Structure formats: C-alpha cells, structure tokens
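Taking it in order: structure first as structure tokens, then the write-up.
The values are calculated or read from the model by the stated rules, or taken from the named source; none is laboratory data. Everything quoted here is computed from the prediction, not taken from an experiment. Reconstructed Cβ throughout: ideal geometry from the backbone, glycine too, with neighbour counts over all protein chains shown.
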Amino acid sequence: MSKMKIVVSAGVAGLMTLAACGSGSETGDDTGAPSGGVRTVEVTALDTLRFEPASLSVATGETVRFVVTNDGEIDHEFVLGDEEIQMAHEAQAGQMDHMMADAIAALDLKPGETMEATVTFDQAGEILFGCHEPGHYDGGMVGMVTVG
C-alpha cells in the first residue's frame, strides 16, 4: 500500500451546506492556486448511495483536505483506501467492532454531520473511497481518487 500522511478532525455538524459541484478548490488568489498548499475538496454523501463528486484527480505529492458532509437522513461513511482495504471493511459492515484503523482516512457521518480528513498523496495510482454501511458499497456508494 502507498504511504500517505493523514490528519482527521471532526467538523461541526450542520456548520455549512457544502456544494460538491466543480473542483471544490479553496483558492488563495485569482490564479486558482490552493491557499497554504492544501486543496480543499468538498464531498457529499447522499442517501441515493452516491458521493458527489464520485471521482477526482490529484497530483502526486498533493495534500487534499476532504470536507465530507452527510446530506442524507441515514448514516454514511467515507473510507479512503485501496481495494484490499475496501473489501476488508465491506466484510465487517454492520458489525459493532468494525475496525477502520487500516484505512488512509475513515469518517463515520451521522445525518447532517460534516467531518474532515487531510491526506497527502505520495504515490501515483488509484485510491477508492466508499461507504460500508450495510448495502451501501454494493449499491454503488464508491468513488475514485486518481493520483498522478
């Protein structure tokens, strides 16, 4: 598995309504350059078992702050990791001892809640993000980060 640095912090539920359309970049000037070298990507978890956006591209070495909002009325997760990690989490879906320590980032989101995870993508490749509430991943609640 690729090495990545991560910081996870809880956001304030209902702090703001986040639009997931467009690049989701937070810019520091008119050139579109990320402020402080960290790009912010807003992701919305939907009860239609989808993430918006469902995919994004990042540069190798880029640091991304994911701001993930559960815009639905049921619980969702945002688990970032390779296919092996996703399958391990899927096998544990719905269990009380559901472990997420091996994921690059793992957020449990109650309805209306917003949380953040900051990740530096050190190696090129593809990383998945998914929700492992029972039936969600199999229902299509999975997205892709392409690093290159």
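Worth pointing out:
- When the residues of region 104-116 are filtered to those that are touching a Ser or Thr at 6+ places or on another chain (Cβ under 8 Å) and aliphatic (A, V, I, L, M), the one that is surrounded by the most Cβ atoms within 10 Å (Cβ to Cβ) is LEU109.
- Close pairs from region 111-140: first closer than 20 Å to GLU42 by Cα, partner crowded, with 22+ Cβ neighbours inside 10 Å and of a type in the set (D, E, K, R), Cβ under 7 Å, at least 6 apart: CYS131/GLU77; HIS132/GLU77
- Subset of region 108-148 [among the aliphatic types (A, V, I, L, M) and either within 16 Å of THR69 (Cβ to Cβ) or not in a loop (DSSP other than H, G, I, E, B) (or both)]: LEU109, MET115, ALA117, VAL119, ILE127, LEU128, MET141, VAL142, MET144, VAL145, VAL147
- Of all the residues in region 16-63, those that are over 21 Å from ASP122 (Cα atoms) and modelled with pLDDT under 50 number 13.
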